[in-house]
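Undergrad: Below you'll find the structure I mean.
Where a number appears in this text, it was derived from the coordinates with a stated rule and is not lab data. Here the structure is a predicted model, which is why all the values come from computation and not from measurement. FYI the Cβ positions are ideal-geometry reconstructions off the backbone, even for glycines, and counts take in every protein chain you see.
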Amino acid sequence: MNNSASLVYDLDGVEHRFDGHLALRCSGLQVARGSIVGIRGPNGAGKSTLLSIMSFLMPPTSGTVLFCGEPGRSGDVRLRRQSVLMPQDPALLRRRVEANVLYGLKARGIRNPDAAAQALERVGLDPGRYMRRWWWQLSGGEARRVALAARLALEPVALLLDEPTAGLDPESAEMVRRAVLEDRERRGLTVVAVSHDREWLDSLCDQMYRLAPKTGIEKMPQEGAACEP
């Protein structure tokens, strides 16, 4: 059992229902600080719903979510700034790349002129080539990496990734993997990732869970975890 002081997330008896129908059952999930946890499961198992609850965008119908030892409340701005979600189809603002990466920082009142370049470098995009590009000048893979850079620039406690490699070529998928691992190494980022790409997920995560529609979540034996960028 993990010491509660070392946990970023501790979910107990979490369920969510839409119009009375069970959409998610997660009877127990603990995520230690600095760990990278992967979640697999079929369509309809509630994976995206779980990430929305863990990022405090929606409350569970029942159960409790502790974040860093304190009760999590849906809509709590302070918690949402510490637990950042990158959805499956992250939308960029109709602005240049630099403005997209810096938007979240400016909304928090943080001024760091070097943050955009640093974040782009982390996701393998040359700042000299990409900072001044418009959103419409990016490929799908580049746009997703810019979206990731914008979230890494915030330096959250936890990063939640929903199908982060969907539609990406192998090179871009590897850049995403390296960026996540390097940020974990650099400052202890905690990550929860949902993906249908089993090989990519196995190469990234320390622990793996399977989420099923009726039976809930269970820990899977780890075939091989990634500890090297």
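Undergrad: About the Cα centre of region 76-136, how large is the charge dipole given +1 on each Lys and Arg Cβ and -1 on each Asp and Glu Cβ? Please answer in debye to the nearest 20.
TA: 260 debye
Undergrad: Would you please put 46-59, 69-82 in order of how densely packed they are, using the mean number of other Cβ atoms within 10 angstrom per residue and starting with the highest?
TA: Order by mean packing, descending: 46-59, 69-82.
Undergrad: Going toward the positive end of the dipole of region 84-192, with +1 on Lys and Arg Cβ and -1 on Asp and Glu Cβ, which of L159, T190, A117 do you reach last?
TA: Towards the positive end, the residue furthest out is A117.
Undergrad: Moving to a separate point now. Charges only on Cβ, +1 for Lys and Arg, -1 for Asp and Glu: so what's the dipole of the chain about the Cα centre, in debye to the nearest 20?
TA: 840 debye
Undergrad: Ok, one more. Collect residues whose amide H, placed 1.01 Å from N in the peptide plane, falls under 5 Å from the amide H of L7; neighbours closer than 5 in sequence don't count.
TA: Amide H neighbours of L7, under 5 Å, 5+ apart: R33.
Undergrad: While we're looking at this one, here's another question. What is the set of long-range amide H partners of R40 at a cut-off below 5 Å, with H atoms built 1.01 Å from backbone N?
TA: Distant-sequence amide H within range of R40: Y209, R210, L211.
Undergrad: I would also like to ask the following. Would you kindly calculate the translational diffusion coefficient of region 1-111, applying Stokes-Einstein with the Kirkwood radius from alpha carbon pairs, for 10 °C and a viscosity of 1.306 mPa s, and quote it in µm² s⁻¹ without decimals?
TA: 102 µm²/s
Undergrad: Between region 64-106 and region 9-61, what is the separation of their alpha carbon centroids in Å?
TA: Their Cα centres are 17 Å away from one another.
Undergrad: Also, quick follow-up: Which percent of Cα-Cα pairs in the chain sits in each 10 Å bin, short to long?
TA: Percent of pairs per bin, in order: 8, 34, 36, 19, 3, 0.
Undergrad: Considering amide H positions built from the backbone, and no H for Pro or chain starts, which residues 5 or more places from I217, or on another chain, come under 5 Å of its amide H?
TA: So I217 has HN proximity to S27, G28, A212.
Undergrad: Report, please, the projected area of region 74-150 averaged over directions, based on the convex hull of its C-alpha atoms, in nm².
TA: The Cα convex hull of region 74-150, projected and averaged over all directions, gives 5.4 nm².
Undergrad: Taking the inverse of the average 1/r across all pairs of different Cα atoms in region 108-207, what Kirkwood radius in Å do you get?
TA: 14.0 Å
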